[in-house]
Amino acid sequence: MSSAASSVSTVRHPKGPIEPARAPDAGAFLKAVFDSSVGAKILVALTGLGLVVFTIFHMIGNLKMFAGPDSVNAYAHFLKHDLGALLWIARAGLLAIFVLHIILAIRLKLRSVAARPEPYQYPGRVQSTISSRTMIWTGIVVGLFVIYHLAHFTFGWMHGVEVAPGYEMNYLELKDAKGRHDVYSMVVAGFTSPFIAILYIVAQVVLFVHLLHGIQSAFQTLGLKNNRFASAIKLLGFAVAFTILAGNLFIVFAVWVGLVK
Ligand code: HEM
């Protein structure tokens, strides 16, 4: 063996054998983000803001009730039949962020309770509000409302409409003159019942309380609520939560009192 060859085979790296470069592991990174409280908080903030954006657009769409049956039915028809695969991608994305938001928020709450079984004593409460202290409960109520709401209007499982004495029709069978799903009549039928109208009103108020703290808290988690912008973010949170409350309540009341027939 030549001396050059033997010197190559006996060279050792001072810190041991050089490890081959590992391919970046996306799964491990995601797991670390989910497991860390900071990562989970950021995901709760981002998914929460995503749900707020959906709720604003949904409310604007629902306000088409005031433009008459043709307007709201055409809008619903467009969303359901003209978007193709996009509709299912949007629905899957919405479901994913909804589930992620709930699971991570509940896990964070359970972790914080486990870390501090005794609640903070004075003066820790000075900064908190009813809205911030009840986030987990208002969130659970809103989640249950959404499940009821889907069963009510999207799946038509809950109630029917009496179209002739003794003859009930499922919400989803209602058709307008152009053969489209009659979303207008479905919503009117829905809120004509005082029980359902009250249930929706209560849910909208609970959603308002949840968003009142939720929106500004999300901005804070994302590092956007510094001293300079604190009051502007607080005002923005209130304005968005109140707009959603007012828009949705307006629809329920308008049907209930017969303004929309
Ligand atoms: C008074 C207030 C509301 C009214 C009148 C209303 C009305 C409706 C109607 C009519 C549909 C079915 C649309 C169709 O089948 O074509 C629907 C679906 C839905 N609503 Fe609402 N909604 C209200 C509030 C809310 C709120 C506050 C949320 C969430 C926090 C929400 C979340 C949803 C979701 C996730 C769907 C299913 C969307 C899909 O089919 O992909 N809604 N809503």
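The values are calculated or read from the model by the stated rules, or taken from the named source; none is laboratory data. Worth saying up front: this structure is predicted, and the values here are computed from it rather than measured. Ideal geometry is used to build each Cβ from the backbone, glycine not excepted, and the neighbour counts take in all protein chains shown.
For this structure, a couple of remarks:
- Total residues in the range 164-193 satisfying the condition of being assigned to a loop (DSSP other than H, G, I, E, B) and either away from the ligand (no atom under 13 Å from the Cβ) or polar (S, T, N, Q) (or both): the figure is 6.
- Test: residue in the range 167-187 that is touching an Asp or Glu at 6+ places or on another chain (Cβ under 8 Å), farther than 18 Å from A76 by Cβ and at pLDDT below 95: yes
- When residues of the range 242-253 are limited to those that are within 13 Å of A203 (Cα to Cα) and under 19 Å from the mean Cα position of the chain (by Cα), the one farthest from the ligand (Cβ to nearest atom): A246
- Residue selected from the range 149-163 under the condition in contact with a strand residue (DSSP E or B) (Cβ under 7 Å, 6 or more places away or on another chain) and among the β-branched types (V, I, T), by the criterion farthest from the ligand (Cβ to nearest atom): V163
- Residue check for L43: within 12 Å of the ligand (Cβ to nearest atom), surrounded by 13 or more Cβ atoms within 10 Å (Cβ to Cβ) and at pLDDT 95 or above: no
- Here V142, V146 are screened, and the one residue that is under 21 Å from I215 (Cβ atoms), within 12 Å of the ligand (Cβ to nearest atom), without any contact (Cβ under 8 Å) to a residue 60 or more places away in the chain and among the β-branched types (V, I, T) is V146.
- L211 meets the conditions (1) under 22 Å from S71 (Cα atoms); (2) in a helix (DSSP H, G or I); (3) in contact with a helix residue (DSSP H, G or I) (Cβ under 8 Å, 6 or more places away or on another chain) in every case but one. The failed one is (1).
- Taking the conditions (1) under 16 Å from A45 (Cα atoms); (2) not in a helix (DSSP H, G or I) in turn, R228 satisfies each one other than (1).
- The conditions of being without any contact (Cβ under 8 Å) to a residue 40 or more places away in the chain and at negative phi are not met by L207.
- Candidate set: the range 57-98, residues that are more than 12 Å from the ligand (Cβ to nearest atom) and in a helix (DSSP H, G or I); chosen: the one farthest from T243 (Cα to Cα): A85
- Flag if L259 is exposed (fewer than 15 other Cβ atoms within 10 Å of the Cβ), among the hydrophobic types (A, V, I, L, M, F, W, C) and within 19 Å of S132 (Cβ to Cβ): no
- Any hit, the range 203-211, residues being under 21 Å from L144 (Cα atoms), surrounded by 15 or more Cβ atoms within 10 Å (Cβ to Cβ) and away from the ligand (no atom under 12 Å from the Cβ): yes
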